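Participant: Can you read through this structure? Questions will come right after.
A short reminder: the numbers here are calculations on the coordinates, not readings from a lab. These numbers come from a predicted model, not from an experiment. So basically every Cβ, Gly included, is an ideal-geometry build from the backbone, and we count neighbours across all protein chains shown.
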Amino acid sequence: VKQETPPALQFLDAAIAEAREADLFRPRHPPHRLDLVPFCSNDYLGLASRPAPTAPSGAGASRLVCGERPVHRDLEAAAAHLTGQQSALVFTSGYAANIGVLVALAGPDDLIVSDTLNHASLIDGARLSRARVRVVPHLDLPAVEEALRGPRAGRAFVVTESYFSMDADSPDLGALRKLCDRYGAALCVDEAHALGVFGPGGAGLCAEAGVQPDVLIGTFGKSFGAGGAFVAGCSALTTWLWNRARSFVFSTGLSPALAAAALEGVRAAQREPALRKAVIEHAARLRARFAALGARVLGHGHVVPWVVGEPRAALRAAAILADHGVDVRAIRPPSVPPGTSRLRFTVSAALREADIERAARGVAAAMATGIGCPPG
Ligand SMILES: Cc1ncc(COP(=O)(O)O)c(C=O)c1O
């Protein structure tokens, strides 16, 4: 249907034109460039392309009404077991989980201390909770302590990711745990990008650090190759969320088919340690190749961000990489701060050594045009 933008929505045409002008427009891509090697998905273990088990497609209602299926319980038991927590509750996405948990736990008298690079879903959950939010500089422990030390009427929650997927870095979880204990705050850790890759059996960075968070969030849409997410902790937490997490209560339960795929993903991640080993080895190789070229890459692990500066340079670099057969996306503001646009290479167990060489050749070609090189 050919349709003009109605007058009341014409401000959108102007806003879209402005985004294009600033190189910040996000076009809709064709579904999947099958001709390119993917360095941009979060399917770290290569499980997303495995056929899913057959199971009913829909829950038909909220879990609280009549949407509860045995596979939801099985998936929750597997998530709790993986993360070493007493209990878990499955949500339809990580976005819904983060909004649900923060709104259910925090209220107007409370304080949320939130890392400035936390994912949008954590930011939105904190805002929706109507708690006082203190945004602290990235990984800044003294700033967290200062926020906790100040006067407050209610409870306090320290909210962080365990592996920040735009910068590939991690907080000192042990130190955060100690700070939370000292000031009576709850530690809430989003392990979205760490589960399946880091920690014993892919149990995540909290498990690797020997830290028990009060609230642990994980998603099944990344390493576990399916969709949906969970919040894990003590059984009082999940009982409360069942009652009060609005994004859980007022939403159709996770599709049983997706829950079955997620359960298979968690089991495969635990059963096949070779997948984890492959991701870690590929990432180390890619990082070494980039370092040899003098490319400025950040952090550690399976996400390899190459900072090139301005959005235009990132778009140009992505196009050069595509010419080399590599699918990697330009990450620009507002996803990252201005001046730090980057290509974010994500590594999967499904890659081959030749793919990594291809990426290195593409980065070398982009650098030969001056992209990502210090001025002068
Ligand atoms: C840290 C973090 N939390 C939560 C989410 C949302 O998870 P989901 O894709 O399952 O909605 C993402 C990314 O999508 C994320 O990076």
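Participant: Enter the mean projected area of the convex hull around the alpha-carbon atoms of the range 230-338, in nm², rounded to one decimal.
Facilitator: Working: hull surface 43.9 nm².
It is 11.0 nm².
Participant: Further, regarding this structure: Determine Rg/Rh for the chain; Rg is computed over alpha-carbon atoms and Rh is the Kirkwood hydrodynamic estimate from the same atoms.
Facilitator: Details: Rg = 21.3 Å, Rh = 21.8 Å.
We get a ratio of 0.98 for the chain.
Participant: Can you give the Rg and Dmax of the range 99-148 based on its C-alpha atoms, in angstrom?
Facilitator: For the range 99-148, the Cα radius of gyration and maximum Cα-Cα distance read 10.4, 28 Å.
Participant: Give me the percent relative contact order of the range 240-376, please, defined on Cα pairs under 8 angstrom at least 6 residues apart.
Facilitator: Working: 170 pairs, mean separation 32.4, N = 137.
Reported as a whole number, the value is 24 percent.
Participant: Oh, and also: For the range 147-292, I need the span (max minus min coordinate) of the C-alpha atoms along each principal axis, in Å, sorted largest to smallest.
Facilitator: 51, 41, 23
Participant: Something else: Hey, what angle do you get for helix 10-21 against the long axis of the chain, alpha-carbon based, 0 to 90 degrees rounded to 10?
Facilitator: Once rounded, the angle reads 50 degrees.
Participant: What's the Cα-based Rg to Rh of the range 84-210, Rh via Kirkwood? Can you show the working numbers first?
Facilitator: Working: Rg = 13.8 Å, Rh = 14.7 Å.
So for the range 84-210, dividing Rg by the Kirkwood Rh gives 0.94.
Participant: In square nanometres, what is one fourth of the surface area of the convex hull spanned by the alpha carbons of the range 1-126?
Facilitator: Values: hull surface 58.9 nm².
With the hull built on Cα positions only, its mean projection is 14.7 nm².
Participant: How would you rank 25, 11, 345, 290, going from fewest to most other Cβ atoms within 10 Å of each one's own Cβ?
Facilitator: Details: 25 15, 11 10, 345 26, 290 22.
In increasing order of surrounding Cβ atoms, one gets 11, 25, 290, 345.
Participant: State the percent of C-alpha pairs, over all pairs in the range 252-312, separated by a distance greater than 19 angstrom. Please report the intermediate quantities before stating the final value.
Facilitator: On the way: 1001 of 1830 pairs.
Of all Cα-Cα pairs in the range 252-312, 55 percent lie more than 19 Å apart.
Participant: Another question, if that's okay. How far is helix 353-368 tilted, in degrees, relative to the longest principal axis of the Cα atoms in the chain, given as a value from 0 to 90 rounded to the nearest 10?
Facilitator: Taking the Cα atoms of the chain, the angle to 353-368 is about 60 degrees.
Participant: How many angstrom lie between the Cα centre of the range 327-372 and the Cα centre of the range 219-282?
Facilitator: Taking the Cα centre of each part, the range 327-372 and the range 219-282 sit 28 Å apart.
Participant: While we're looking at this one, here's another question. Can you put 133, 308 in order of Cβ neighbours within 10 angstrom, beginning with the fewest? Working shown, then result.
Facilitator: Details: 133 19, 308 26.
In order of increasing Cβ crowding within 10 Å: 133, 308.
Participant: What's the center-to-center distance, using Cα atoms, between the range 66-83 and the range 1-16 in Å?
Facilitator: Rounded to whole Å, the Cα centres lie 44 Å apart.
Participant: Could you state the principal axis extents of the C-alpha atoms in the range 307-346, from the largest down, to the nearest angstrom?
Facilitator: Computed over the Cα atoms, the extents are 28, 19, 12 Å.
Participant: Please report the relative contact order for the chain, taking Cα pairs under 8 Å with a sequence separation of at least 6, and give it as a percent rounded to a whole number. Please report the intermediate quantities before stating the final value.
Facilitator: On the way: 766 pairs, mean separation 82.3, N = 376.
Across the chain, relative contact order equals 22 percent.
Participant: Can you sort 222, 2, 277, 178 by how many other beta carbons sit within 10 Å, fewest first? Numbers along the way, then the final one.
Facilitator: Working: 222 28, 2 3, 277 11, 178 15.
The most exposed by this proxy come first: 2, 277, 178, 222.
Participant: Next question, about the same structure. Tell me the relative contact order for the range 175-324 as a rounded percent, counting alpha carbon contacts under 8 Å between residues six or more apart. Display every interim value, and only then the final one.
Facilitator: On the way: 168 pairs, mean separation 23.4, N = 150.
Relative contact order of the range 175-324: 16 percent.
Participant: Still on this model: Can you give me the pair-distance distribution of the range 157-236, C-alpha pairs, 10 Å bins, whole percents?
Facilitator: Once binned at 10 Å, the Cα pair distances of the range 157-236 give 19, 54, 24, 3.
Participant: Aspartates and glutamates within cross-link reach of residue 277: Cα-Cα under 16 Å, excluding same-chain residues under 8 positions apart?
Facilitator: Correct list for residue 277: 43, 208, 353.
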